[in-house]
Amino acid sequence: MISIDGLAVEFGGSTLFKDISFVINDKDRIALMGKNGAGKSTLLKILAGAKKPTAGKVTSPKDSVIAYLPQHLMTENERSVFEEASQAFGHLLEMQSRIEAINEELSRRTDYESEDYYTLIGEVSDLSEKLYSDGEINFDAEVEKILLGLGFEREDFTRPTGDFSGGWRMRIELAKILLQKPDLILLDEPTNHLDIESVQWLESFLINSAKAVVVISHDRAFVDNITNRTIEVTMGRIYDYKVNYTKYLELRKERREQQQRQFEDQQKFIADNTEFIERFKGTYSKTNQVQSRVKMLEKLEIIEVDEVDSSHLKLRFPPSPRSGNFPIIADEVGKRYGDHLVFSGANFSLQRGEKVAFVGKNGEGKSTLVKAIMSQIDYDGTLSLGHNTLIGYFAQNEASLLDEENTVFQTIDEVAKGEIRTKIRDLLGAFMFGGEDWDKKVRILSGGERTRLAMIKLLLEPVNLLILDEPTNHLDLRTKDILKQALLDFDGTLIVVSHDRDFLDGLTQKVFEFGHKKVREYQESIGEFLQRKRMENLRELERNKTK
């Protein structure tokens with residue numbers, strides 16, 4: 001059991017949150033929710049010991065292990081996969097190194113009767129006993145077993161971590177967590193950059209192998225599948241619900257409706273008493289009653305209604321210029337880099353208005369095919385664009401392409417056309433840019449803010465083929481819902497490269513799977529695709545067992 005007592009955090013005189021207290025029990029699977037800037041990541045860092053609170057404390061049992069997976073990966077590019085995973089046993093490696101250093105020093109010294117010599121003998125004896133008592137002396141075998149279990153090949157062990165994509169580097173970090181056998185796992189946006197199969201593996205691990213988990217994630221399906229408790233951080237305090245995310249949304253709505261009723265009743269009470277005070281404050285016979293009501297109002301604790309989304313913006317794309325019947329036709333398309341074949345023999349055509357998903361493991365060619373469609377790379381075969389095909393492209397690095405000297409408002413004002421120009425401020429607000437943000441230069445925005453700004457810019461350009469490469473990584477649930485609805489209403493053709501099942505669910509009607517050097521086409525929803533793939537994987541697992 002880990003106890004959080006009276007936590008408070010202040011930045012430059014303003015309070016992020018105060019007097020936060022709760023307990024994390026074994027088998028708790030907690031989703032930490034709240035709008036951007038509410039303090040979720042800060043709270044996670046405090047739990048991890050990576051940040052100190054202004055007040056309060058976190059108490060855990062003496063030998064408990066807390067493992068933290070930050071939003072931005074910390075792997076060393078120069079270390080090999082095996083060396084990086086072995087950092088889970090850093091304390092043992094330090095002991096081993098110290099034992100070796102002492103033994104080397106003892107072999108050189110001849111002052112066998114000196115106090116220093118006996119001190120070194122005692123230290124090496126204590127360290128050796130502790131090292132063996134931890135029961136992890138053969139940790140090389142443990143590292144190998146976990147890495148193989150996570151899908152790495154033995155030839156990968158010696159490769160630098162920098163050779164691997166974000167999803168595989170995430171697996172290295174997860175390997176380190178698994179090897180630590182932690183009592184509490186803290187995860188900040190763990191599904192960013194993970195392909196769908198990796199997310200499913202992570203879900204299985206957290207549900208079946210983890211002791212206690214606290215997670216921040218904008219992946220609704222992931223959060224719903226793994227959590228049994230939701231803690232909302234809002235307006236400097238928390239609300240603790242012993243339910244998963246979907247049920248929490250229902251209870252939060254009920255709570256806010258109740259708060260609103262209580263607020264309105266209190267405001268009427270205040271108005272009635274204020275009117276009485278103003279009416280009779282000069283009347284001698286009412287002096288005591290007036291004074292009594294004044295004191296009562298001074299002591300009254302005003303009811304606050306927690307952050308309510310008052311925006312009813314319905315984002316719409318401009319009408320798409322009409323394209324030909326087939327915006328894209330691929331004939332025997334493939335790509336190789338030297339001796340490395342990414343994929344080959346891709347044959348497909350997209351009809352006008354189709355919405356399709358590109359899915360598959362990282363490194364299997366999803367973004368490669370997108371770059372081929374955009375004529376950003378050379379490729380084998382033929383890719384033909386239909387008549388009047390106008391492409392809007394959101395790349396994974398789209399945020400870095402914005403003009404850093406423009407303000408937030410200027411960035412959108414430059415591309416807004418027609419009626420939407422009158423709603424730029426509403427549009428910025430819907431994507432979490434308040435009035436205080438409009439005059440900020442792009443160069444001072446965070447990565448997440450730049451991503452949201454780039455997304456708004458793209459949504460305002462009149463196109464008839466939209467290609468989105470991992471568009472949801474930095475978007476919160478509300479913003480993703482706005483984007484998803486806009487894409488559902490979009491009357492052009494859509495290609496989405498994404499690992500976010502909830503975002504794809506109901507949005508796309510066709511799936512292109514990248515894997516085993518091929519691109520396969522399925523006329524089905526992402527839900528149907530995943531259900532069938534899981535059954536196939538189970539049958540494959542059974543076949544492997546008989547080998």
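Scoring Thr389 on the criteria (1) β-branched (Val, Ile, Thr); (2) within 15 Å of Asn464 (Cβ to Cβ); (3) modelled with pLDDT of 95 or more leaves a single failure, condition (3).
Taken together, Val199, Val213, Val143 contain a single residue that is over 30 Å from Met95 (Cα atoms), in contact (Cβ under 8 Å) with a residue 60 or more places away in the chain and of a type outside the set (Ser, Thr, Tyr), which is Val199. Looking across the stretch 29-38 at every residue that is at pLDDT 80 or above and open to solvent by less than 20 Å² (accessible area, probe 1.4 Å), the one that is farthest from Ile207 (Cα to Cα) is identified as Met33.
Helices (runs of 4 or more DSSP H) fully within the stretch 1-113 that include at least 2 residues being among the β-branched types (Val, Ile, Thr), without any contact (Cβ under 8 Å) to a residue 40 or more places away in the chain and farther than 19 Å from Leu187 by Cβ: 90-108. Taking every residue in the stretch 366-393 that is charged (D, E, K, R) and pairing it with any residue that is modelled with pLDDT of 90 or more and not in a loop (DSSP other than H, G, I, E, B), at least 6 positions away or on another chain, the pairs with Cβ-Cβ distances below 6 Å are Lys366/Phe358; Lys366/Val497; Lys366/Phe514; Asp380/Gly334. For Ala221, the conditions (1) part of a helix (DSSP H, G or I); (2) of a type in the set (A, V, I, L, M, F, W, C); (3) within 23 Å of Asn25 (Cβ to Cβ) are fulfilled apart from (3). Within the set Ser384, Ser400, the sole residue that is surrounded by fewer than 20 Cβ atoms within 10 Å (Cβ to Cβ) and in a helix (DSSP H, G or I) turns out to be Ser400. Scanning the stretch 80-95 for residues that are open to solvent by 80 Å² or more (accessible area, probe 1.4 Å) and either among the polar types (S, T, N, Q) or within 32 Å of the chain's Cα centre (by Cα) (or both) turns up Glu83, His91.
Residue check: is Ser41 surrounded by 12 or more Cβ atoms within 10 Å (Cβ to Cβ), under 23 Å from Ile2 (Cα atoms) and at pLDDT below 90? Considered against the rule, which asks whether it is surrounded by 12 or more Cβ atoms within 10 Å (Cβ to Cβ), under 23 Å from Ile2 (Cα atoms) and at pLDDT below 90, Ser41 comes out as yes. Among the residues in the stretch 96-117, are any surrounded by fewer than 10 Cβ atoms within 10 Å (Cβ to Cβ) and closer than 24 Å to Tyr68 by Cα? Checking the stretch 96-117: not a single residue is surrounded by fewer than 10 Cβ atoms within 10 Å (Cβ to Cβ) and closer than 24 Å to Tyr68 by Cα. Criterion first (among the hydroxyl-bearing types (Ser, Thr, Tyr), crowded, with 21+ Cβ neighbours inside 10 Å and at negative phi) does Thr158 satisfy it? Answer is no for this residue.
If you go through the stretch 150-202, how many residues are assigned to a loop (DSSP other than H, G, I, E, B), within 19 Å of Leu32 (Cβ to Cβ) and aliphatic (A, V, I, L, M)? I'd like the intermediate steps shown before the answer.
Initial filter on the stretch 150-202 (assigned to a loop (DSSP other than H, G, I, E, B)): 150-153, 157-159, 164-165, 181-183, 189-195.
Right, trim to within 19 Å of Leu32 (Cβ to Cβ) and you get 182-183, 189-192, 194.
Remaining after also requiring aliphatic (A, V, I, L, M): 194.
Counting residues in the stretch 150-202 that are assigned to a loop (DSSP other than H, G, I, E, B), within 19 Å of Leu32 (Cβ to Cβ) and aliphatic (A, V, I, L, M) gives 1.
Every condition in (1) within 14 Å of Val305 (Cα to Cα); (2) assigned to a loop (DSSP other than H, G, I, E, B); (3) of a type in the set (Lys, Arg) is met by Arg261 except one, and the failing one is (2). Residues to consider are Val308, Val243, Val294; find the one that is in a loop (DSSP other than H, G, I, E, B) and either at pLDDT 90 or above or aromatic (Phe, Trp, Tyr) (or both). Answer to the check: Val243. Of the residues making up the stretch 459-481, those that are within 30 Å of Leu32 (Cα to Cα) and either touching a Phe, Trp or Tyr at 6+ places or on another chain (Cβ under 6 Å) or open to solvent by less than 30 Å² (accessible area, probe 1.4 Å) (or both) are Leu459, Leu468, Asp469, Glu470, Pro471, Thr472, Asn473, Leu475, Asp476, Leu477, Thr479, Lys480. Yes or no: Leu120 part of a helix (DSSP H, G or I), of a type in the set (A, V, I, L, M, F, W, C) and closer than 30 Å to Asp195 by Cβ? Answer is no for this residue.
For the stretch 179-196, state whether one or more residues are open to solvent by 30 Å² or more (accessible area, probe 1.4 Å), touching a helix residue (DSSP H, G or I) at 6+ places or on another chain (Cβ under 6 Å) and within 24 Å of Ile24 (Cα to Cα). Yes, the stretch 179-196 has at least one match.
Select from the stretch 403-428 the residues that are among the polar types (S, T, N, Q) and either part of a helix (DSSP H, G or I) or crowded, with 16+ Cβ neighbours inside 10 Å (or both) and list them in ascending order. Asn406, Gln410, Thr411, Thr422 - these are the residues of the stretch 403-428 that are among the polar types (S, T, N, Q) and either part of a helix (DSSP H, G or I) or crowded, with 16+ Cβ neighbours inside 10 Å (or both).
The values are calculated or read from the model by the stated rules, or taken from the named source; none is laboratory data. In this text, all values refer to a predicted model and were calculated from it rather than measured experimentally. Cβ: placed from backbone, ideal geometry, glycine included. Neighbour counts: every protein chain shown. In case anyone asks, the SASA skips ligands and DNA or RNA and just uses the protein heavy atoms, side chains included. Shrake-Rupley method; radii C 1.70, N 1.55, O 1.52, S 1.80 Å.
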